[in-house]
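Here's the structure, in structure tokens; my notes come after.
Since every read-out is calculated from the coordinates, none of them should be taken as a lab result. These numbers were taken from a predicted model, which means no experiment stands behind them. Cβ coordinates were reconstructed from backbone atoms using ideal geometry, including for glycine residues, and neighbour counts include every protein chain displayed.
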Amino acid sequence: MKEFYNVRRALISVSDKKGIVEFSRALAELKVEIVSTGGTSQLLREANIPVREVSEVTNFPEIMDGRVKTLHPKIHGGILGKRDTHSSIAEQHGIHWFDLVVVNLYPFAKTIANPAATFDDAIENIDIGGPTMIRSAAKNMDWVGVVVDPNDYGMILDEIHLIKGLSFETRKKLATKAFEHTAQYDAIICQYLQKMHLEQLQKAELSKLFPENIKLELQKSLDLRYGENPHQKAAAYQFTNEKSGILSAKQHQGKQLSYNNIADADAALTCVQEFSEPACVIVKHANPCGAATGKTIDEAFERAYNADAQSAFGGIIALNQPCTKKIADFLSTIFVEVLIAPAFENGALEIFSKKENLRILESNQLLNAESKDTEFKFINGGLLVQTHDNKNLTANDLKVVTQLKPTPKELESLLFAWRVLKHIKSNAILIAKDNATVGIGAGQVSRIDAVDIALKKSANLENTVLASDAFFPFRDSIDRLANTGIKAIIQPGGSVRDEEVIKACNEQGIAMVFTGIRCFKH
């Protein structure tokens, strides 16, 4: 390695031709021999700048639509060779040294930024020879200067004018910049291919989940007395070979299930499946009105029922653990439509038998909600199909956006609230405390109306948390919560007024976390 090395021969091959004519002309005036490729050599020749084609040096033409032109020993030997140890080898094979390599790469990033660009367009704009020459020259910085940025042309010329060559310090800086250039180039290609791969996987997954044609095979399970209203006719159909769900449950007693019973019981069963710990969900008109977990199923039931005892009247109750005699004793004194449980403690069914109109269902297929892949919704003339909302949030998914952070206990209640919130008709607001609902505002056309209803439903708001199924569009809902006792909020975030809402929480001393996802249910 020499501290200074004269520049006598340059290899120039650029995609970005900004300033290359002026730079090459200045090099030629400094008696630097220029070797170039394809479009660059043509541009220089048109500007009357002396230039040799790479094919003249290699005695081999560009082939394969220009894919192979510089990948040759007479090019890379002239770049990579060590002048103090490889001179005799270079002379033996007719290799002449390159002192300067001026290369920038095919415009891959520009190509993929064009919405009309195809995958083949992108692949054809992956430069191979260019990065190889750049890396070769950068590796051999002891003897070669490499230029990838047109903004460096002036500095290069100034130094050549001054010392007839480039200093090692300059060559080292240029080499560093060159490796940064190729690293960024490769990273863009990698990201693009990863994106394409993910899109292909998603398309394959979508094709698997949502085929071009759907053939549904169902069998009539039972004729119903009527539909949602007495003047409507109805029947229930079950997918062939389906073994889970309300229609597969064993009915121990009570009147035949009605259309509304089945719909509400399905809603209760689906919600209680969210939990592995003892849990109870009470549904009224397709919406949970009370939900809770507990150390025992008795505790979970009591907390869920007391969350809104008024609404629980005539409701549907789902348990995820065997129904106890204690629960049976209590339910025999009040009016509920349906009880669903995976099993029954000895003596419980006998207690229920005294209340013969109460529908008792045994569903031992209380599968985890994540086992359900797709769900259907019939519309006039068609069918909507979507994947099930089985996203189970954890604390790691949440982003604290306020000055105040939720306590571990509040965080636990926030996550509980979100799991129930997914099963409430939007717009939905849920207030909870210690893994039990306190107040629910469901199915409102205005989010602030849902907030008002949830507040009204709540008997005691001290040290509670609030969950919203979508972002708050204004701070007015937060201002409603001032001095109520609500300590923390969970919501998706993503509103243009998020900062306004965060500011309101900070002013009210309320912690807030963003989920990054919403949980609409229509």
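Which FRET efficiency value, to the nearest 0.05, is calculated for Asn229 and Asn306 with the Förster distance at 41 angstrom and r the Cβ-Cβ distance?
Efficiency for this residue pair is about 0.80.
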Would you calculate the volume per residue, in Å³, of the smallest convex hull containing every Cα atom of segment 250-371?
87 Å³
Interchain or sequence-distant (5+) residues whose placed amide H lies within less than 5 Å of the amide H of Cys289 are Ile282, Val283, Lys284
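Give me the extension gain from Ile128 to Lys164: residue separation times 0.36 nm, minus the current Cα-Cα distance, reported in nm with one decimal. Spell out each step's value before the answer.
Working: separation 36, 0.36 × 36 = 12.96 nm, distance 3.14 nm.
Stretched fully, the Ile128-Lys164 segment lengthens by 9.8 nm.
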Taking Cα atoms only, helix 259-272 is inclined relative to the longest principal axis of the chain by an angle, in degrees rounded to 10, of 60 degrees
Using the alpha-carbon atoms, what tilt in degrees (0 to 90, nearest 10) does helix 20-29 show relative to the longest principal axis of the chain?
20 degrees
Inter-label distance, nm, simple model (7 Å from Cα along the C-beta direction), Asp452/Ala395:
3.7 nm
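Between Asp476 and Lys409, what FRET efficiency comes out of the Förster formula 1/(1 + (r/R0)^6) with R0 = 45 Å and r the beta carbon distance, rounded to 0.05?
On the way: r = 28 Å, r/R0 = 0.62.
That pair, Lys409 with Asp476, gives E of 0.95.
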If the label point sits 7 Å along Cα→Cβ of Lys18, residues of segment 166-190 with amide N under 20 Å come out as 174-175, 177-186, 188
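Taking the highest mean first, how do the peptides 478-488, 176-186 order by number of other beta carbon atoms within 10 angstrom per residue? Walk me through the intermediate numbers first.
Values: 478-488: 17.8, 176-186: 16.3.
Averaged packing, sorted descending, gives the order 478-488, 176-186.
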Test of understanding: express the Cα radius of gyration of segment 166-247 as a ratio to 2.2 N^0.38 Å, with N the residue count.
2.61
Computed on Cα atoms, Rg of segment 410-522 relative to 2.2 N^0.38 Å comes out at 0.91
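At a Förster distance of 25 Å, what's the computed FRET efficiency of Asp186 paired with Ser55, Cβ-Cβ distance as r, to 0.05? The partial results should precede the final answer.
Details: r = 28 Å, r/R0 = 1.11.
So, using R0 = 25 Å, E works out to roughly 0.35.
Size of the dipole of segment 250-371 about the Cα centre, Lys and Arg at +1 and Asp and Glu at -1 on the beta carbon, nothing else charged, in debye to 20?
Numbers: 10 positive and 15 negative charges, 63 e Å.
For this selection, approximately 300 debye.
Quickly rank 293-305, 443-455 as a protection proxy: mean count of other C-beta atoms within 10 Å, highest first. Don't skip to the end; give the middle numbers.
On the way: 293-305: 20.5, 443-455: 18.4.
Final packing ranking: 293-305, 443-455.
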Quick one: compute the contact order of the chain, relative version, from alpha carbon pairs under 8 angstrom and 6+ residues apart, as a percent.
9 percent
Return one number: the angle in degrees, 0 to 90 and rounded to the nearest 10, between the long axis of the Cα atoms of helix 498-508 and the longest principal axis of the Cα atoms of the chain.
50 degrees
For a protection proxy built on the mean count of beta-carbon atoms within 10 angstrom, sort 350-357, 264-271, 377-384, 105-112 highest first, please.
264-271, 105-112, 350-357, 377-384
Structure shown: which of Lys203/Lys243; Lys18/Lys82; Lys173/Lys195; Lys243/Lys354; Lys433/Lys456 lie over 27 Å apart, alpha-carbon to alpha-carbon?
Lys203/Lys243; Lys18/Lys82; Lys173/Lys195; Lys243/Lys354
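Glu277 to Ser353: extension gain in nm, 0.36 nm per residue of separation minus the Cα-Cα distance?
Working: separation 76, 0.36 × 76 = 27.36 nm, distance 2.82 nm.
Between Glu277 and Ser353, full extension yields 24.5 nm more.
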Throw me the Rg/Rh for segment 4-201, computed over C-alpha atoms with Kirkwood Rh, two decimals.
0.99
Segment 4-201 - percent relative contact order, Cα under 8 Å, separation 6 or more:
25 percent
Which three extents, in angstrom, do the Cα atoms of the chain have along their principal axes, listed largest first?
109, 56, 41
Under the helix-only model (-39500 (n - 2.57) for each DSSP H run of 4 or more, divided by the residues of the chain), the mean residue ellipticity at 222 nm, to 500 deg cm²/dmol, is -11000 deg cm²/dmol
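Can you give the charge dipole size of the chain about its Cα centre, rounded to the nearest 20 debye, using +1 on the beta carbon of Lys and Arg and -1 on the beta carbon of Asp and Glu? Display every interim value, and only then the final one.
Numbers: 60 positive and 64 negative charges, 40 e Å.
Taking the Cα centre of the chain as origin, the dipole is about 200 debye.
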For Met196 and Thr484, calculate 0.36 nm times their separation in residues minus their Cα-Cα distance, and state this gained length in nm to one decimal.
98.7 nm
Report, in whole Å, the centroid distance computed from the Cα atoms of segment 100-167 and segment 445-522.
54 Å
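Taking a temperature of 37 °C and a viscosity of 0.692 mPa s, what whole-number D in µm²/s does Stokes-Einstein yield for segment 91-200 with Rh from Kirkwood over alpha carbon pairs?
Numbers: Rh = 15.6 Å.
Taking Rh from Cα pairs, D becomes 210 µm²/s.
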Using alpha carbons only, how many angstrom separate the centre of segment 260-335 from the centre of segment 24-47?
83 Å
Under a crude label model (7 Å from the Cα following the beta-carbon direction), how far is Leu30 from Gln219 in nanometres?
8.8 nm
